[in-house]
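The values are calculated or read from the model by the stated rules, or taken from the named source; none is laboratory data. Quick caveat: nothing in here was measured; it's all calculated off a predicted structure. Here Cβ is always computed from backbone atoms with ideal geometry, including for glycine, and neighbour counts include all displayed protein chains. For the accessible areas, the whole protein counts, side chains as well, though only heavy atoms, and no ligand, DNA or RNA atoms are used. Shrake-Rupley method; radii C 1.70, N 1.55, O 1.52, S 1.80 Å.
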Amino acid sequence: MARTRHPTRRDVLKTAAALPAILAIRPRGAAAAGVDLPPLPEIASADATLLRPGDAGYAKYDVAHNIRTRLDPALRALCRTPAGVAQMVDWVRENDLPFAVRCGGHSYEGFSQSASVVIDVRPMAAARVDRAARVLTIGAGASLGAAYQAVARQGLAFAAGSCPTVGISGHTLGGGYGLLARPLGLTADNLLGLTLVDAHGRMVEVDAAREPDLFWACRGGGGGSFGIATEFRFKLHPVTRVVTFKASWTLPLAAARDLFRAWQAWLPTVPVAMTPVLNIASVAPGRFAMRCVGQSLGSEREVRATLGRLTRAASGAGVTVTTRSFLGAVNYFSGGSAYPVVFMKAKSDYAIAPVSEDGAMAFLTALTRQPPGAVSVLCDAYGGIIGDLADDATAFAHRKGTLYSVQYYASWTDPAETAARLAAVDAVHAALHPHMSGGTYVNYPDLELTDWQQAYWGGNLPRLRAIKRAVDPANLFTHAQSVPPA
Ligand SMILES: Cc1cc2nc3c(=O)[nH]c(=O)nc-3n(C[C@H](O)[C@H](O)[C@H](O)COP(=O)(O)OP(=O)(O)OC[C@H]3O[C@@H](n4cnc5c(N)ncnc54)[C@H](O)[C@@H]3O)c2cc1C
């Protein structure tokens, strides 16, 4: 009998289509050639390379993860040094040019895209690990994959998300949730300090002692609002082995509802060492693939016993528990390769209480009304270190009492599917959203949110806006959902 395979986070975010085929159908961005630029700044090649459409190498750098948001810039400044970034900041400010700041290019809504100027930090990606001090110093253009490789070589671990091509900058500045988040915290919770080029083109050292307000804002305030990060310093952890786990079910509607309810009741009983994620997809009308996957710093025995409490509540699960090296687990969850660019749309929510039986039923019914596989739902467990910190300890506000986050996610490769996929995400979100807190995760941005400032930052919004006014009153660093000055 054919085994039904539930999509992993990687499957959900990665399509089967080959990259060249996707690139062949991508829409071109806004006409870069139509943007008039003043004379370009004189920047030494050691500090930055300036690429215009038609220049050799331009095409190599122009991909956004979400093709739906892609814009081809009139100028891409590939900055190699903070001095190069500072010169670019001075030039765009003095010439009053719109621009975007780009690291990994994974912004769901294209906040790192611009038809004008893109200040691209990717060439600043060097990583140094101080093994004795357990500190990673890494260029702001690095990917999560590069950070994982660098720290794992030294027998240390780093708390961050599961996609290796996500950029360290956007991820950290917005929070950064991964499969070690409950025992080790968000990526932002492990940030010791950063170097930032501010709106005046000055380099600022930001940490708890030197710039406490800016440091607070850079841990959850989101990218593209307070300056351009050029380097980060993170706390590392002496973790060489982790336990990965997975329990999978294929269930009809009522049983899927029961499992969703059981998973929510089970969460508060899960040891902090474990970070479980529940993936839900409709695989056929009235049938659901459900998968509880995750990672633990505890023992295999503890993981099996904990999962046993869930699988007793919902029988028929296939369960796998495996001890792996830290890097082995990273590769296991990511597939070890880059995610191809896709058309995508996501929305998110936070649960602060278990969803009622009726709510769960309405949500699953909405999900199974969509074509099989059209939308996937990922529920990421919170608690542990994330919830030990107060909501105002950093700009990331979704901590105390947050049970889990929900992400409603669709990706596709045929632009003709766009309208249907956007409608499908809306329909599933509309069914579950009334049972959620009203908060959303700034790293899963959504341009359709009406009260996005409140949704992203809640009670932290006034302080964030005051910090923005203090460091960037003219709102130089801006995008569709950047922090507005007070
Ligand atoms: C496939 C995929 C998987 C993901 N998995 C996870 C996950 O497991 N956990 C999780 O928490 N999130 C995850 N995310 C969300 C991810 O954390 C955000 O999309 C993040 O903002 C991406 O950062 P980036 O640098 O790649 O993106 P970019 O698009 O380059 O930047 C994002 C934002 O940060 C700004 N920015 C970029 N560089 C800088 C800089 N140097 N200084 C200041 N601002 C800057 C940009 O202007 C933009 O506003 C995932 C996203 C994708 C597409």
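Could you tell me whether any residue of the stretch 364-377 is over 25 Å from the mean Cα position of the chain (by Cα), at pLDDT below 95 and buried (at least 18 other Cβ atoms within 10 Å of the Cβ)?
Within the stretch 364-377 (the criterion being over 25 Å from the mean Cα position of the chain (by Cα), at pLDDT below 95 and buried (at least 18 other Cβ atoms within 10 Å of the Cβ)), the answer is no, since none of the residues qualifies.
For residues that are outside any loop (DSSP other than H, G, I, E, B) and of a type outside the set (A, V, I, L, M, F, W, C), scanning just the stretch 48-73, find the one that is nearest to the ligand (Cβ to nearest atom).
Asn66
Counting only residues that are within 16 Å of the ligand (Cβ to nearest atom) and open to solvent by less than 30 Å² (accessible area, probe 1.4 Å), how many does the stretch 137-162 have?
16
Looking only at helices (runs of 4 or more DSSP H) that lie completely in the stretch 163-278, which have at least 3 residues being more than 16 Å from the ligand (Cβ to nearest atom), closer than 27 Å to Gly298 by Cβ and open to solvent by 10 Å² or more (accessible area, probe 1.4 Å)?
Answer list for the stretch 163-278: 253-266.
Kindly check whether there is at least one residue in the stretch 93-109 that is more than 8 Å from the ligand (Cβ to nearest atom), aliphatic (A, V, I, L, M) and open to solvent by 10 Å² or more (accessible area, probe 1.4 Å).
Yes, the stretch 93-109 has at least one match.
Any idea which of Arg312, Arg301 is of a type in the set (Lys, Arg), at pLDDT 95 or above and in the same structural domain as Ala360 (by TED's automatic domain parsing)?
After ruling out the rest, the residue left standing is Arg301.
Take Ala255 and tell me if it is hydrophobic (A, V, I, L, M, F, W, C), in contact (Cβ under 8 Å) with a residue 24 or more places away in the chain and assigned by TED's automatic domain parsing to the domain that holds Ser325.
Spelling it out, Ala255 is indeed hydrophobic (A, V, I, L, M, F, W, C), in contact (Cβ under 8 Å) with a residue 24 or more places away in the chain and assigned by TED's automatic domain parsing to the domain that holds Ser325.
Report, by residue number, each residue of the stretch 433-456 that is in a helix (DSSP H, G or I), within 16 Å of the ligand (Cβ to nearest atom) and in contact with a Lys or Arg (Cβ under 9 Å, 6 or more places away or on another chain).
The answer is Gln453, and nothing else.
Would you be able to tell me the number of residues in the stretch 74-101 that are polar (S, T, N, Q) and part of a helix (DSSP H, G or I)?
1
Of the residues Val428, Val406, Val341, which single one is open to solvent by less than 10 Å² (accessible area, probe 1.4 Å), farther than 16 Å from Tyr456 by Cβ and among the β-branched types (Val, Ile, Thr)?
When all the criteria are applied, what remains is Val428.
Regarding the stretch 83-92, can at least one residue be identified that is without any contact (Cβ under 8 Å) to a residue 24 or more places away in the chain, among the aromatic types (Phe, Trp, Tyr) and open to solvent by less than 50 Å² (accessible area, probe 1.4 Å)?
Looking for residues that are without any contact (Cβ under 8 Å) to a residue 24 or more places away in the chain, among the aromatic types (Phe, Trp, Tyr) and open to solvent by less than 50 Å² (accessible area, probe 1.4 Å), one finds none in the stretch 83-92, hence no.
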